[in-house]
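Asker: Structure in structure tokens, see below.
The values are calculated or read from the model by the stated rules, or taken from the named source; none is laboratory data. Computed from a predicted structure; not experimentally measured. Here the Cβ positions follow ideal geometry from the backbone for every residue, glycine too, while neighbour counts run over all protein chains shown.
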2 protein chains.
Amino acid sequence: MSLVLDSAAQDLLFREARTANSFSDEPVTEEQVQAIYDLVKFGPTAFNQTPLRITLVRSPEARERLVKHMAPGNDAKTATAPLVAILSADNEFHEELPQLLPHFPQAKDAFFSERPVREQSALLNSALQAAYFIIGIRAAGLAAGPMTGADFGGIQKEFLDADHTPIMVINIGKPAAEGAWFDRSPRLAFDEVITTV
Amino acid sequence: MSLVLDSAAQDLLFREARTANSFSDEPVTEEQVQAIYDLVKFGPTAFNQTPLRITLVRSPEARERLVKHMAPGNDAKTATAPLVAILSADNEFHEELPQLLPHFPQAKDAFFSERPVREQSALLNSALQAAYFIIGIRAAGLAAGPMTGADFGGIQKEFLDADHTPIMVINIGKPAAEGAWFDRSPRLAFDEVITTV
């Protein structure tokens, strides 16, 4: 009983939540996406930067353009998921820092004047935000199917620009009633991950 | 009411949780860290890889060695937090893939035979796992103080090896009764982050 979070919430977000490979037909509404964002936007990042950008693929035409860049094995599920989101890192996130970090506006120039530094920071922090977003999808009672198996160069050209690096595509929806996921794969034990000095 | 997660859990994990800069004296126990890990180990990653490594800095001697690598402004809080954890990415995570992904053991050689590919994947996925760990700290009723302001080269030499890249240091504990954090900084609006195609 070392956790304060109630057991149902633990199950919803981690223990019973699973990466879904097939979904029901129930749509994912704008209200749900708004509620997810309104919750997970508070997740912490370095310097309160917000590099994550989310492209919701809602039109059949855009879906078709995306599916052709997905790896075999990911394309069919991306074609049929109720909603698909392209997550990308904005490598020019530093432009927003004076707005986002009002008590330390000089961070923009002091730390992020060089693009390679920004790219590393954008990757790390957009990944943190991607994890918060996945947790938020689960908090909405939906299943996430995050994927990195895709032609990200093709996706960038098709949907983004040179300042935005795709990091992940996520299928979102209610899981199919049967066969939505594989059996749970093993995790590393505590002692394989955590050491004490 | 678009979220299924109960409101108290939303507050605990996102809305009222804050990055703490000062802490009470109450220790963080091994049981708490074990409970956090046992929850967040289920967070999804690409190919079920587990690049995140956590070094708990518990001895005064190790704490002293760490503090000297923290940036000014981070050193004092790292010196006094009940527990400090160094998070790093294991760039040789692929060795564990046959164990972690039993239904697709060939992923190790098919996708991760080259070190630069592994380093990018380890950074992205260890950042996802770092976010799950921060959520887990909050799920234990504790506050996290994640920091990237540090000499990571120095920390790597002092505590890790050439295969492990530090990504973050996190102070952990009960927040101080007063003045534990800054006022909440602004977040980007939905429309600044999310577009629909």
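Asker: Here is a list of conditions, (1) farther than 20 Å from A:Gln34 by Cβ; (2) assigned to a loop (DSSP other than H, G, I, E, B); (3) within 13 Å of chain B (Cβ to nearest Cβ), and A:Ala122 meets all of them except one; can you say which number that is?
Answerer: The one condition A:Ala122 does not meet is (2).
Asker: Being touching a residue at least 24 places away in the same chain (Cβ under 8 Å) and in contact with a helix residue (DSSP H, G or I) (Cβ under 8 Å, 6 or more places away or on another chain) is the filter here, so list the residues in the stretch B:15-32 that pass it.
Answerer: B:Ala17, B:Asn21, B:Ser22, B:Phe23
Asker: Across the stretch B:85-96, what is the total count of residues that are at the interface with chain A (Cβ under 10 Å from one of its Cβ atoms) and farther than 13 Å from B:Ser126 by Cα?
Answerer: 2
Asker: Now, a different point. Can you tell me which of (1) more than 30 Å from B:Ala71 (Cβ to Cβ); (2) within 8 Å of chain B (Cβ to nearest Cβ); (3) under 13 Å from the mean Cα position of the chain (by Cα) is the one A:Val169 doesn't meet?
Answerer: Looking at each condition in turn, A:Val169 falls short on (2).
Asker: Report yes if B:Lys68 is touching a strand residue (DSSP E or B) at 6+ places or on another chain (Cβ under 7 Å), farther than 25 Å from B:Ala46 by Cα and charged (D, E, K, R), otherwise no.
Answerer: Here the answer is no, as B:Lys68 does not meet what is asked.
Asker: Looking at (1) within 11 Å of chain B (Cβ to nearest Cβ); (2) surrounded by fewer than 18 Cβ atoms within 10 Å (Cβ to Cβ); (3) not aromatic (Phe, Trp, Tyr), can you tell me which one A:Pro146 breaks?
Answerer: Status for A:Pro146: all satisfied but (2).
Asker: Please determine, by comparing only the residues of the stretch B:173-197 that are in a loop (DSSP other than H, G, I, E, B) and of a type in the set (Phe, Trp, Tyr), which one is nearest to A:Val197 (Cα to Cα).
Answerer: B:Trp181
Asker: Hey, among A:Ile155, A:Ile170, A:Ile137, which residue is within 16 Å of A:Ala17 (Cβ to Cβ), assigned to a helix (DSSP H, G or I) and hydrophobic (A, V, I, L, M, F, W, C)?
Answerer: A:Ile137
Asker: Something else: Within the stretch A:94-116, is even one residue within 30 Å of A:Pro72 (Cβ to Cβ) and modelled with pLDDT of 95 or more?
Answerer: Within the stretch A:94-116, not a single residue is within 30 Å of A:Pro72 (Cβ to Cβ) and modelled with pLDDT of 95 or more.
Asker: Moving on. Within 23 Å of A:Pro27 (Cα to Cα) and free of Cβ contacts under 8 Å to residues at least 60 places away in the same chain: which single residue out of A:Ala76, A:Ala110 fits that description?
Answerer: A:Ala76
Asker: Okay, next question. Has the stretch B:50-67 got any residue that is more than 8 Å from every other protein chain (Cβ to nearest Cβ), closer than 30 Å to A:Met168 by Cα and of a type outside the set (D, E, K, R)?
Answerer: Within the stretch B:50-67, one or more residues are more than 8 Å from every other protein chain (Cβ to nearest Cβ), closer than 30 Å to A:Met168 by Cα and of a type outside the set (D, E, K, R).
Asker: Of all the helices (runs of 4 or more DSSP H) wholly in the stretch A:1-105, which have at least 3 residues that are crowded, with 22+ Cβ neighbours inside 10 Å?
Answerer: In the stretch A:1-105, the matching helices (runs of 4 or more DSSP H) lie at A:30-40.
Asker: Hey, can you tell me all the residues within the stretch A:107-116 that are loosely packed, with under 13 Cβ neighbours inside 10 Å and within 13 Å of another protein chain (Cβ to nearest Cβ)?
Answerer: Selection gives A:Ala110 alone.
Asker: Something else: Within the stretch B:172-197, restricting attention to residues that are among the aliphatic types (A, V, I, L, M) and surrounded by 14 or more Cβ atoms within 10 Å (Cβ to Cβ), which residue is farthest from the chain's Cα centre (by Cα)?
Answerer: Within the stretch B:172-197, the match that is farthest from the chain's Cα centre (by Cα) is B:Val197.
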